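K.L.:
Please see the structure below; I have some questions.
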Amino acid sequence: MSLNHVRPWRNIYRRSSRQIMVGNVPVGGDAPISVQTMTNTLTTDVKATIEQVNAAAEAGADIVRISVPDEGSSKALKEIVPEVSVPIVADIHFHYRRGIEAAEAGAACLRINPGNIGDEKRVKEVIKAARDHNCSIRIGVNAGSLEKHLLDKYGEPCPDAMVESGLDHIKILQDNDFHEFKISCKASDVFMAAAAYQQLADATDAPIHLGITEAGGLVSGTIKSAIGLGNLLWMGIGDTIRVSLSADPVEEVKVGYEILKSLGLRHRGVNIISCPSCARQGFDVIKTVEALEKRLEHIKTPMSLSIIGCVVNGPGEALMTDVGFTGGGAGSGMVYLAGKQSHKLNNDKMIDHIVEQVEKKAAELDAAAALADAAE
């Protein structure tokens, strides 16, 4: 019996959308919500870009976007694509020819900005390249780069202007019998972005790419993204997400997964439940959690771990996690396995032992999943 069946108030009913493919990754329909990031290397630095894409993929990125600002970047893309394991979205602004070149270079998707890609004739040429090379397209509307006629009409960037821009370009794609597209309407203002996405969700069945653009640094950007994306995802809106941070792309992937994990929409790796600590703690909770986060980064199997400093909430939290440790007294605490008390453990052996228990549990879960797949 699933947890959602027992507790229906935890259900999120996702908006119905068409499904498209970004390379081998399905987006929309009943596909899992995919996590994206974007490289911040010079695309012409092929080695550095490949390394960054692969690091993001190792962290869990399903799709990675790469900026293609010039012809040199288009040529570099041809070298990059064969060396990475995830589909590449080519980020195209201003120069429609870069979109054509990126499609020829092996990009799985072309991101075009209605505000600066050019007139309908140029968009048609990009559409032809996408069709010829089996690319999907993302219509990427940004509040900061809307078309002049829309700014003249509305006076300033606003949700209505953003949605009108997106729908105008959807019509161009559909008039050219091209339907492998998704759409985003990003703003750095959380309220504007959320309002635009809600309107967009009602106006089209296209898959929606969520993001709060230019959200800021690691802490401030994480908070803005969690509020903006979290509320939209809770409403069932969103088929793929990118958290935009002035930080390492790997951090964007981690934050993206944490947002999805908090809503029960994706599960990857160890979900650590830990207390903020106080004078009752039986061990240094903060340093322990920091160490465990690093030591358990290699675990991709979805599972839960509780690290609680004392017996106020420790036993209760441990009942609901795969592995748990609750601080006690006299330099030791209690280890919980599958929600049950298992054995006492000295604090000085805690980190190594917990890593061992988590790895053991992950192996058991992986083996059970493999058996289930084989039975099907």
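K.L.:
Among all residue pairs at least 6 apart or on different chains, which show Cβ distances below 6 Å where the first residue, located in the range 227-250, is over 17 Å from LEU200 (Cα atoms) and the second is at pLDDT 95 or above and polar (S, T, N, Q)?
P.N.:
Every condition considered, the pairs that remain are ARG242/GLN36; VAL243/SER225; PRO249/THR37.
Matching residues to (1) part of a loop (DSSP other than H, G, I, E, B); (2) modelled with pLDDT under 95; (3) open to solvent by 10 Å² or more (accessible area, probe 1.4 Å):
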position	(1), (2), (3)
HIS179	yes, no, yes
ALA196	no, no, no
HIS209	no, no, no
ILE227	no, no, yes
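K.L.:
Now for a separate question. State which residue pairs qualify: first residue closer than 14 Å to ARG15 by Cβ and inside the range 187-203, second residue open to solvent by 20 Å² or more (accessible area, probe 1.4 Å) and not hydrophobic (A, V, I, L, M, F, W, C) in any location, beta carbons under 6 Å apart, and separation of 6 or more residues or different chains.
P.N.:
So the pair list comes out as GLN199/PRO159; ALA201/ARG15.
K.L.:
Being under 19 Å from HIS209 (Cβ atoms) and assigned to a helix (DSSP H, G or I) is the filter; apply it to the range 121-137 and report the residue that is nearest to the chain's Cα centre (by Cα).
P.N.:
Applying the filter and picking the extreme gives ALA130.
K.L.:
For the list (1) more than 14 Å from the chain's Cα centre (by Cα); (2) crowded, with 21+ Cβ neighbours inside 10 Å; (3) under 20 Å from PRO32 (Cβ atoms), I need the number of the one condition that ASP205 fails.
P.N.:
That leaves (2) as the condition not met.
K.L.:
Same structure, new question: Just to be sure, is VAL358 under 24 Å from GLY264 (Cβ atoms) and open to solvent by less than 40 Å² (accessible area, probe 1.4 Å)?
P.N.:
Numbers: under 24 Å from GLY264 (Cβ atoms): yes; open to solvent by less than 40 Å² (accessible area, probe 1.4 Å): yes.
Yes, satisfied.
K.L.:
Restricting to the range 207-241, count the residues that are in contact with an Asp or Glu (Cβ under 9 Å, 6 or more places away or on another chain) and of a type in the set (A, V, I, L, M).
P.N.:
The total comes to 5.
K.L.:
Return the residue satisfying two criteria in turn: it lies in the range 248-281 and is among the small types (Gly, Ala, Ser) and at pLDDT 95 or above, and of such residues it is farthest from the chain's Cα centre (by Cα).
P.N.:
SER274
K.L.:
Of the residues that sit in the range 162-172 and are under 26 Å from the mean Cα position of the chain (by Cα) and hydrophobic (A, V, I, L, M, F, W, C), which one is farthest from ASN142 (Cα to Cα)?
P.N.:
Ranking the qualifying residues of the range 162-172, first place goes to ILE170.
K.L.:
Now a separate question. I'd like to know if the range 15-28 contains one or more residues that are charged (D, E, K, R) and touching a Gly at 6+ places or on another chain (Cβ under 8 Å).
P.N.:
For the range 15-28, residues charged (D, E, K, R) and touching a Gly at 6+ places or on another chain (Cβ under 8 Å): present.
The values are calculated or read from the model by the stated rules, or taken from the named source; none is laboratory data. Being a predicted model, the structure only gives us computed values, none of them experimental. Backbone-built Cβ (ideal geometry, glycine too); neighbour counts: all protein chains shown. What goes into the accessible areas is simple: the full protein's heavy atoms, side chains included, and nothing from ligands, DNA or RNA. Shrake-Rupley method; radii C 1.70, N 1.55, O 1.52, S 1.80 Å.
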